[in-house]
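Working notes, beginning with the structure itself.
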Amino acid sequence: TDPALIRNFCIIAHIDHGKSTLADRMLQMTGVVDDRSMRAQYLDRMDIERERGITIKSQAVRLPFASDDGTTYVLNLIDTPGHVDFTYEVSRSLAACEGCILLVDAAQGIEAQTLANLYLALENDLTIIPVLNKIDLPAAQPEKYAAELAHIIGCDVDDVLKVSAKTGEGVRELLQAAVDRVPHPVGNPDGPARALIFDSVYDAYRGVVTYVRVVDGSLNKRERILMLSTKATHEMLEVGVISPEPLPSDGLGVGEVGYLITGVKDVRQSKVGDTVTLVSRPATEMLGGYKDPRPMVFSGLYPIAGEDYPTLRDALEKLQLNDAAVVWEPETSAALGFGFRCGFLGLLHLEIVRERLEREFGLDLISTAPNVVNRVIMEDGSEHVVTNPSEFPGGKIAEIYEPVVRATVLAPTEYVGTIMELCQNRRGTLLGMDYLSEDRVELRYTLPLAEIVFDFFDQLKSRTRGYASLDYEPTGEQASDLVKVDILLQGETVDAFSAIVHKDKAYAYGVDMTKKLRELIPRQQFEVPIQAAVGARIIARENIRAIRKDVLAKCYGGDITRKRKLLEKQKEGKKRMKMVGRVEVPQEAFIAALSTN
Ligand code: GDP
Ligand code: MG
């Protein structure tokens, strides 16, 4: 295709503002999907995406559009994941485009995620088309939010389009605006081939499907390709475009968006952000900077049934074919048995991985409280990178570093006080505050990531009755006064409950956990002290009083079968018990204590 007839664009929107619905309308309106085979959220392929209504992996679809001037253009719509955990993938998708539709719910106005993605789009020099969606809603306030959008982007109010993705109103005009306003791609057709990988997904039948945007030259069937960051080479077995099912073609030229199949089985061989070139005439310069995804949040994953351990290992291996961002290594816990320490991009990523493991592999899992990565410098100068609190080094510590993020909170002005209080409690530093309109404000904070991974978002939502939105990006690390709190049962540390917290919060954590465990652990034949400790110093203590457990006491008379049944029941109960020192703890107690965190 002539690059002059191509328009590459994406849609950025806050969750629920209607991105998937709009994409559906575009598919229908351009005749790519007929009305009969249309199903809601056509492009959201993963089941979890459909159920949770969020887009995890970006997808690209080619739409032929008959423009008002009588010419048929090729519109490539690149879908981006909207969530903060996947910012790197978003930024790669944006890098594959020249334009971007900024979609905002006309009844809600702009939200923090939209704003964060808008900044990314501006950094990538994309042409922004501001669009208000859901104008069919009675609660829509298109005039008010058009003014807000125009103010933020610095455009004219009349440039803001108004659509209803539900009814289709204004969608054709929007496609026409994409043709008119988004610049066509420019590249060197005769130069060495360079294409940007903006997504790669694992397909059980075809292996890894790599989504690319060609910048220079062309990629043709049967040629050997070279991945610039890994130096791996592969033969291209198939090249094509998605419209909306894969459609093989002979090749992809300048500005085109499509897919490659090489028969590779592992997505780590085809990394988002990498540059593809040809072995026969390789490019030397990469497109943009490639970055390895860095896990920010760690958690231990354990099978509830110990015999599921090999299944969990298999499942993690399979999942990694599909999700290059998840990392894991085997780990054993005295309390939970054999499992894996896994690293994730963020909390949502953790939840999604866990849910996929449970759903796709039929596993029942328990995950330990999420923690961040701490860097500990000892007085002798040695350094430890701690991804598991129970591995926190003993000895003389000089400095402890923790990751920090730059967080953006958007909310109605009346909630400024309560948001500031929350951020203060979470050791935040205010960076700045801006009024987006007279009743909405943007607050920028530096916050320790560890303070966000627990319940920050829930707190924020409940304090603002759901009106605040949050976005954050990692910005490095800071030295902090952190300590490790251990929880001991009868003097034995229960590793799964160790946590690294700020010095000022150690006491609260200790009191909270010991109380919780006292309620969850059944009485034993002897007294069991539960303690919280920082080093050798006990900071909180509870006691579980002794009982004499005698199951047969309930049996009067001589009903032998009933007696036997009771004994069997007791034995069965014992199997699911974990021994911590002399103390028998039902696994459920651990699970409950960890999950209510
Ligand atoms: P996404 O999270 O941005 O992909 O949003 P979805 O496309 O999943 O839409 C979120 C919800 O808003 C769904 O219940 C849609 O049916 C609804 N929705 C999307 N567009 C419109 C619209 O134009 N009008 C109305 N009334 N509802 C819409
Ligand atoms: Mg969606």
Q. Only one of these conditions is not met by D79: (1) more than 25 Å from V215 (Cβ to Cβ); (2) surrounded by fewer than 23 Cβ atoms within 10 Å (Cβ to Cβ); (3) near ligand 2 (Cβ under 10 Å from one of its atoms); (4) modelled with pLDDT of 75 or more. Which number is it?
A. (1)
Q: Only one of these is near ligand 1 (Cβ under 10 Å from one of its atoms) and not small (G, A, S): L149, L137. Name it.
A: L137
Q: All but one of (1) part of a helix (DSSP H, G or I); (2) closer than 30 Å to Q320 by Cβ hold for R213, so report the exception by its number.
A: (1)
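Take R222 and decide whether it is in contact with a strand residue (DSSP E or B) (Cβ under 8 Å, 6 or more places away or on another chain), buried (at least 20 other Cβ atoms within 10 Å of the Cβ), in contact (Cβ under 8 Å) with a residue 12 or more places away in the chain and over 29 Å from F340 (Cβ atoms).
Details: in contact with a strand residue (DSSP E or B) (Cβ under 8 Å, 6 or more places away or on another chain): yes; buried (at least 20 other Cβ atoms within 10 Å of the Cβ): no; in contact (Cβ under 8 Å) with a residue 12 or more places away in the chain: yes; over 29 Å from F340 (Cβ atoms): yes.
So R222 fails the test.
Which of the following residues is at pLDDT 80 or above, within 11 Å of ligand 2 (Cβ to nearest atom) and either more than 18 Å from the chain's Cα centre (by Cα) or not basic (K, R) (or both): T71, T21, T55?
Details: T71 fails: within 11 Å of ligand 2 (Cβ to nearest atom); T55 fails: at pLDDT 80 or above.
Exactly one of T71, T21, T55 is at pLDDT 80 or above, within 11 Å of ligand 2 (Cβ to nearest atom) and either more than 18 Å from the chain's Cα centre (by Cα) or not basic (K, R) (or both), namely T21.
Specify the residue that is surrounded by the fewest Cβ atoms within 10 Å (Cβ to Cβ); the eligible residues are those in segment 113-148 that are among the β-branched types (V, I, T) and more than 24 Å from P185 (Cα to Cα).
Filtering segment 113-148 for residues that are among the β-branched types (V, I, T) and more than 24 Å from P185 (Cα to Cα), the one surrounded by the fewest Cβ atoms within 10 Å (Cβ to Cβ) comes out as I135.
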Q) Quick one: in segment 270-307, which of the residues that are over 30 Å from L449 (Cβ atoms) and out of contact with any Gly (no Cβ under 9 Å at 6 or more places or on another chain) is modelled with the lowest pLDDT? A) A305
Q: Keeping to segment 1-27, report how many residues are open to solvent by 10 Å² or more (accessible area, probe 1.4 Å) and either without any contact (Cβ under 8 Å) to a residue 12 or more places away in the chain or away from ligand 1 (no atom under 16 Å from the Cβ) (or both).
A: 6
(Q) Quick check on this structure: which one of G217, G240 is free of Cβ contacts under 8 Å to residues at least 24 places away in the same chain and crowded, with 17+ Cβ neighbours inside 10 Å? (A) G240
Q: Could you check how many residues of segment 154-211 are within 16 Å of ligand 1 (Cβ to nearest atom), charged (D, E, K, R) and under 24 Å from E245 (Cβ atoms)?
A: 1
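Residue under question is A112, and the condition is that it be away from ligand 2 (no atom under 16 Å from the Cβ), modelled with pLDDT under 95 and closer than 21 Å to V90 by Cβ; does it hold?
Working: away from ligand 2 (no atom under 16 Å from the Cβ): yes; modelled with pLDDT under 95: yes; closer than 21 Å to V90 by Cβ: yes.
Taking the combined requirement at face value, the residue satisfies it.
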Q) If we keep just the residues of segment 149-197 that are open to solvent by 30 Å² or more (accessible area, probe 1.4 Å) and of a type in the set (G, A, S), which is nearest to R62 (Cα to Cα)? A) G187
Q: Only residues that are at pLDDT 95 or above and either part of a loop (DSSP other than H, G, I, E, B) or charged (D, E, K, R) (or both): list them for segment 194-210, please.
A: R194
Q. List pairs: first in segment 107-120 and touching a residue at least 40 places away in the same chain (Cβ under 8 Å), second part of a loop (DSSP other than H, G, I, E, B), Cβ under 6 Å, 6+ apart or cross-chain?
A. E111/H14; Q113/H14; Q113/G82; T114/H14
Q. What tally of residues in segment 227-237 results from selecting those that are open to solvent by 30 Å² or more (accessible area, probe 1.4 Å) and on the phi < 0 side of the Ramachandran plot?
A. 5
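The values are calculated or read from the model by the stated rules, or taken from the named source; none is laboratory data. These numbers come from a predicted model, not from an experiment. Using ideal geometry, Cβ is built from the backbone for each residue, glycine included, and neighbour counts are taken over all protein chains shown. The protein model used for the area step is the full one, side chains on, heavy atoms only, and it has no ligands, DNA or RNA in it. Shrake-Rupley method; radii C 1.70, N 1.55, O 1.52, S 1.80 Å.
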